[in-house]
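Shown next, in structure tokens, is the structure this report addresses.
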Amino acid sequence: MEDSKSKPWIPFTANCCSVEDHSICRNFSRCKPSRSDFSKNVAPLPSFRRLLFSDLSTRSNSTRINEDLQQSFGQDLYDFQLSELRGVTQNFSSNFLLGEGGFGTVHKGYVDDSLRPGLKAQAVAVKLLDIEGLQGHREWLAEVIFLGQLRHPNLVKLIGYCCEDEERLLVYEFMPRGSLENHLFKRLSVSLPWCTRLKIAIGAAKGLAFLHGAEKPVIYRDFKTSNILLDSDFNAKLSDFGLAKMGPEGSNTHVTTRVMGTYGYAAPEYVNTGHLTTKSDIYSFGVVLLELLTGRRAMDKTRPKDEQNLVDWAKPYLTSTRRLRCLVDPRLAGQYSVKGAKEMALLALQCVSLQPRDRPKMPAIIETLESLQHLRDMAVTSGQWPVSPKSGKNNAAYYAKGRKESGFGCKNSVVAASPRIKSK
């Protein structure tokens, strides 16, 4: 990892609405989006306005930036004053702090319907960007432009923004269940049930499908568990569009750009060549499927060397029904569909194929995942999970100790709840 001043993401509460800091891989750096990136129509509903990113990003005068944004978005986004956002967060009180990272801090706030005409009373998440950090003005602007024009049930809703002097803030809908990362890997969190994991995977897939299916596709480029936020009903919504990029135009097959992303999630061809396509997102989606299936992080330096990269470790298990038992998250304690786990494993294997052309498209992924929702062949009731006289909770603990179960050949089946990998 490159040296940087960025702090690792530190969640302060399980109910955290956050947009995680970007972990920058070796030789990864910020790229400068071209004028064409944000000046073309992307989708008929909603359509992208002809908003020139480069024009806005080069203007240092916050007043002119606000004027341009107001002209472009009108009532779709609210232009907040810094004093108003101080008020709704009690001056960015530490009591309202949700988390912090390379971008700055995220605070919970409350707005009432008297603050702006048409704005309903609600809880919000206010993201205060560190302009001198890794995610500065350009990422703030990219997020305003993308989320200001893209609306979908599986994308987090951007309510408004603040551009005042050197301050850059974003105001989102509050997501009470926080991030998928917190639920999968936080030590004290209750394990997500199998049906909930499926629901989250389907919702996230629909968000990506919406982006990829636009007339001019949008490449999300930062698909990972920390950027999948959950509402009170565990509906998944994609957040953090600071790295999003318009897809190739005309006869071009890819976008060539500097490589940015997070270890373990970035597609190998993108890391090696800088060639970015929607299939790069498909690879990242496959990694998240493996995280949902195994309860392990995409990259975990605390594990033995041959287990640190989830894709490399999991691949030998994905095509064998017998060995697949060793891969499934032990915290599920057998409460998962045997056929469903097998199908999800095969789907994940397709998604993380080294050949981009062999990866499925999002509609096919959604169809496969939705077909698994009705399956009820639970491993614990079909003899596919070792049953002990003790409870399922103790059974999961049995695996957590790393013991070997006769007939299963499972080693190192340790519950994954390791701390976040920090930049060095």
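Pro46: modelled with pLDDT under 50 and either surrounded by fewer than 20 Cβ atoms within 10 Å (Cβ to Cβ) or assigned by TED's automatic domain parsing to the domain that holds Pro217 (or both), yes or no?
yes
Does Arg322 meet the test of being modelled with pLDDT under 90 and surrounded by 13 or more Cβ atoms within 10 Å (Cβ to Cβ)?
No: the conditions fail for Arg322.
Mind counting the residues in the range 335-369 that are out of contact with any strand residue (DSSP E or B) (no Cβ under 8 Å at 6 or more places or on another chain) and part of a loop (DSSP other than H, G, I, E, B)?
7
Every residue, every condition in (1) within 15 Å of Lys237 (Cα to Cα); (2) modelled with pLDDT of 90 or more, yes or no:
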{"residue": "Ala123", "(1), (2)": "no, yes"}
{"residue": "Leu129", "(1), (2)": "no, no"}
{"residue": "Trp140", "(1), (2)": "no, no"}
{"residue": "Val156", "(1), (2)": "yes, yes"}
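Within the range 178-192, which residues are surrounded by fewer than 21 Cβ atoms within 10 Å (Cβ to Cβ) and touching a residue at least 24 places away in the same chain (Cβ under 8 Å)?
Selection gives Lys186, Arg187, Leu188, Ser189, Ser191.
At pLDDT 90 or above and surrounded by 23 or more Cβ atoms within 10 Å (Cβ to Cβ), is that true of Ser239?
Here the answer is yes, as Ser239 does meet what is asked.
Condition first: of a type in the set (Gly, Ala, Ser) and farther than 14 Å from Val144 by Cβ. Now tell me which residues in the range 154-201 satisfy that.
Those that are of a type in the set (Gly, Ala, Ser) and farther than 14 Å from Val144 by Cβ: Gly178, Ser179, Ser189, Ser191, Ala201.
Among the residues of the range 327-335, is any in the same structural domain as Phe185 (by TED's automatic domain parsing) and farther than 16 Å from Cys195 by Cα?
For the range 327-335, residues in the same structural domain as Phe185 (by TED's automatic domain parsing) and farther than 16 Å from Cys195 by Cα: present.
Pull out all pairs, ordered by first then second residue, where Cβ-Cβ is under 8 Å, the residues are six or more apart or on different chains, the first lies in the range 323-343 and is more than 22 Å from His374 (Cβ to Cβ), and the second is in a helix (DSSP H, G or I) and of a type in the set (A, V, I, L, M).
Leu327/Leu293; Leu327/Ala314; Leu327/Ala345; Pro330/Ala396; Pro330/Ala400; Arg331/Ala396
Could you list, in sequence order, all residues of the range 208-234 that are without any contact (Cβ under 8 Å) to a residue 60 or more places away in the chain and buried (at least 24 other Cβ atoms within 10 Å of the Cβ)?
Within the range 208-234, Leu230 is the sole residue that qualifies.
Suppose we keep only residues that are of a type in the set (A, V, I, L, M) and in a strand (DSSP E or B) within the range 213-246. Which one would you say is farthest from Lys199 (Cα to Cα)?
By that ranking, first place goes to Met246.
Please list, ordered by residue number, the strands (runs of 3 or more DSSP E) wholly in the range 83-193 having 2 or more residues that are among the charged types (D, E, K, R) and closer than 26 Å to Met246 by Cβ.
167-173
The values are calculated or read from the model by the stated rules, or taken from the named source; none is laboratory data. Keep in mind that what you see is a predicted model, and the values were worked out from it rather than measured. Note: ideal-geometry Cβ built from the backbone for every residue, glycine included; neighbour counts use all protein chains shown.
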